[in-house]
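Contents: one structure, followed by commentary.
Every number here is computed from the coordinates shown, using simple stated rules; none is lab data. This structure is a prediction, so every number in the text was calculated from the model and none was measured. Note that we place each Cβ from the backbone using ideal geometry, even for glycine, and neighbour counts take in every protein chain shown.
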């Protein structure tokens, strides 16, 4: 009998020591908050010590002092201002100072700008411009998730040029042999899913363009078909584990344990999270992924994709980013989409020697109204000499996305080709010739760079 008691005590002591020293165990006291009806286990539990440890991460930076209202527009003082052109020069400068402290306090302005020419569109500046557009888009169009609290550059960056929590397309694990089958990216330790035996990439399937719907519980017995498989369930659980870890919550923060499926019994946070998932898809698909190729080589993923965001990028372990504090009230310029830069009209077409030059407006392949009349000189020559051909070359400016600009240059050349064809010139007599350098200026914005040159040979 005494031996049995001794063994029991030893086992109890061993289990106590195991709980005390094993990784991840949290000692009391803890804080709890009841989120639903009693008896449903809908209790949010927080550790005040881990919250205190995260406090420095949520420390807000000092607010840059406000500037007097009014004054000239930033776009009238600085060159190549495409996003914040609705601000006065004072407010524009104030926001630039704040952004430098949020993103690159050590590197300073030169992290994004070329000190030899601040207007030049270097890659870091192009990326920063797009991120500004994204921030305004979130605050203006995703209030269903961010409400009036909103976000700023600091929400993700926290004083670092590169946010701490980003992800890339998963290249998959190497297989020595597939004799035992494909483990579908799971059963390997991955912090993204809380070290659970779930697919370690909870992002690609759900948080990119065309992301799949989240499906766990079926409404029919023995369900079959896409979205009803165990594999889909495991992938969904992986995403849920990521969200819980990113927000420092458990499942009952959004769900009712009586029925995880039932929306009517869920907390309001579930609807907020639903919008958040779709917001992340939107931002990855329309802002971050298209920037692939703009980043330095070391910033691209193993498959060559651009860095993308997930829930942890903003939340960083908190139910609400920055513990719910709002910086937007101090920087209202980031709270709206702002005015769209008014594109200057394209210059009139001109004739230089034997060459007709037709100019185009920003981001447009529409012909100038005077283009057909200017082309008449070449059309007369072509009709007079049946063996002559017109060579058409399209150019673009250095501002904007390079791939988009190349397509524009081609579309502009084709628009001129169409005008000549409409005037009675056979299509095989109009040669589209790609110039050696489609980019017609080195940096900045130059209306005369967006052009098509036509010459009869």
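A few remarks follow.
- Cα shape, the stretch 350-456, gyration tensor, a/c 1.5 rule: prolate
- For peptides 388-397, 130-139, 64-73, sequence by mean Cβ density within 10 Å, most packed first: 388-397, 130-139, 64-73
- Rounded, prolate or oblate (a/c below 1.5 giving rounded, otherwise prolate when a/b exceeds b/c) for the stretch 73-174 by Cα gyration tensor: oblate
- Along principal axes, Cα extents of the stretch 230-280, largest first, whole Å: 26, 25, 20
- Folded to 0 to 90 degrees: helix 268-283 orientation relative to the chain principal axis, Cα: 40
- Among beta bridges identified by DSSP and lying wholly in the stretch 350-456, the antiparallel ones come to about 75 percent.
- Only Cα sites of the stretch 67-108 enter the Debye sum here, all with the same form factor; the resulting log10 I(q)/I(0) across q = 0.22, 0.27, 0.31 1/Å is -0.71, -0.89, -1.00, listed in q order.
- Peptide packing for 267-276, 54-63 was compared via the average number of neighbouring C-beta atoms within 10 Å per residue; ordered from the highest value, the list is 267-276, 54-63.
- Considering only the Cα atoms of the chain, their convex hull presents on average a projected area of 34.6 nm².
- Anisotropy class of the stretch 278-325 from Cα gyration tensor, a/c 1.5 cut: prolate
- Each label was represented as a point 7 Å from its Cα along the Cα-to-Cβ direction; for residue 67 and residue 140 these points are 2.1 nm apart.
- Entry note, the chain: the mean residue ellipticity at 222 nm calculated from DSSP H runs of n ≥ 4, each adding -39500 (n - 2.57), is -10000 deg cm²/dmol after division by the residues and rounding to the nearest 500.
- With R₀ set to 41 Å, the beta-carbon distance separating residue 297 from residue 97 gives a calculated FRET efficiency near 0.85.
- The radius of gyration of the Cα set in the stretch 300-420, together with its Dmax, comes out at 23.9, 76 angstrom.
- Take the Cα of residue 380, step 7 Å toward its Cβ, do the same at residue 188, and the gap between the two points is 7.2 nm.
- Mean Cβ neighbour count within 10 Å, used as a protection proxy, ranking 206-213, 237-244, 254-261 highest first: 237-244, 254-261, 206-213
- Full extension of the chain between residue 45 and residue 272 gives 79.7 nm of extra length, using 0.36 nm per residue less the Cα-Cα distance.
- If you take the alpha carbon atoms of the stretch 222-380 and fit the smallest convex hull around them, that volume is 276 Å³ per residue.
- The chain: relative contact order in percent, alpha carbon pairs under 8 Å with at least 6 residues between: 15
- At R0 = 60 Å, FRET efficiency that the Cβ-Cβ distance of residue 366 and residue 32 yields, to 0.05: 0.45
- Net lengthening on full extension, residue 352/residue 222 (0.36 nm per residue, minus Cα-Cα): 39.3 nm
- Stretching the chain fully between residue 259 and residue 431 yields a gain of 55.2 nm (0.36 nm per residue, less the alpha carbon separation).
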